[in-house]
Amino acid sequence: MMKRTTIFRILTLLYLGVVALICFVNFNNLPDVQKTFLGIPTDKIVHFLMFLPFPVLAFWSLRHRRKGVIKTMLILVAIFAIGCLIAWGTEYVQGMLPYRDMDMLDFRADRIGLACGSVVAFFIQLYFFRKADA
């Protein structure tokens, strides 16, 4: 039976592969989609959603002993920073591709997704702290 961390590590690698595919494939031949949703540019929503799961997957890929709140926060800050490096790297590479553009507003949407995902991971971990204490 596979350990939880092994499953999450596999999911994280698959997730990163899908992100790379979404970021680097030429989508120019696809039909046009709605430009905005609730006044927010659709591509920014996609970037937000694309990076939202990273902190949760990365955090649960780590071995979990009973970590304190401060240690959990520090780990999530490190994961957030790694996620920002990945997000910036995807934008940088897109800027080098002839069919994509580097867009710092996309990078901002990525960081907002990473921040929200970090908060979600923190509260999931907090829930398990309290559940273990019950």
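A few points about this structure:
- Where residue 12 falls short, out of the listed (1) over 13 Å from the mean Cα position of the chain (by Cα); (2) surrounded by 13 or more Cβ atoms within 10 Å (Cβ to Cβ); (3) of a type in the set (S, T, N, Q): (1)
- Selection from the range 10-45 of residues that are at pLDDT below 90 and either of a type in the set (Gly, Ala, Ser) or over 25 Å from residue 86 (Cα atoms) (or both): 29, 30, 31, 32, 33, 34, 35, 36, 37, 38, 39
- Test: residue in the range 59-68 that is among the hydrophobic types (A, V, I, L, M, F, W, C), assigned to a helix (DSSP H, G or I) and exposed (fewer than 14 other Cβ atoms within 10 Å of the Cβ): no
- Of the residues making up the range 71-108, not one is in contact with a strand residue (DSSP E or B) (Cβ under 9 Å, 6 or more places away or on another chain) and buried (at least 17 other Cβ atoms within 10 Å of the Cβ).
- Selection status of residue 80, part of a helix (DSSP H, G or I) and touching a residue at least 40 places away in the same chain (Cβ under 8 Å): no
- Of the residues making up the range 110-121, those that are farther than 15 Å from residue 72 by Cβ and surrounded by 23 or more Cβ atoms within 10 Å (Cβ to Cβ) are 110, 113, 114.
- Residue match in the range 40-54 (condition: outside any helix (DSSP H, G or I) and over 11 Å from the mean Cα position of the chain (by Cα)): yes
- Residue within the range 96-108 that is in contact with a helix residue (DSSP H, G or I) (Cβ under 6 Å, 6 or more places away or on another chain) and either within 17 Å of residue 15 (Cβ to Cβ) or without any contact (Cβ under 8 Å) to a residue 12 or more places away in the chain (or both) present: yes
The values are calculated or read from the model by the stated rules, or taken from the named source; none is laboratory data. Worth saying up front: this structure is predicted, and the values here are computed from it rather than measured. Heads up, the Cβs are rebuilt from the backbone with ideal geometry, glycines too, and the neighbour counts pull from every protein chain shown.
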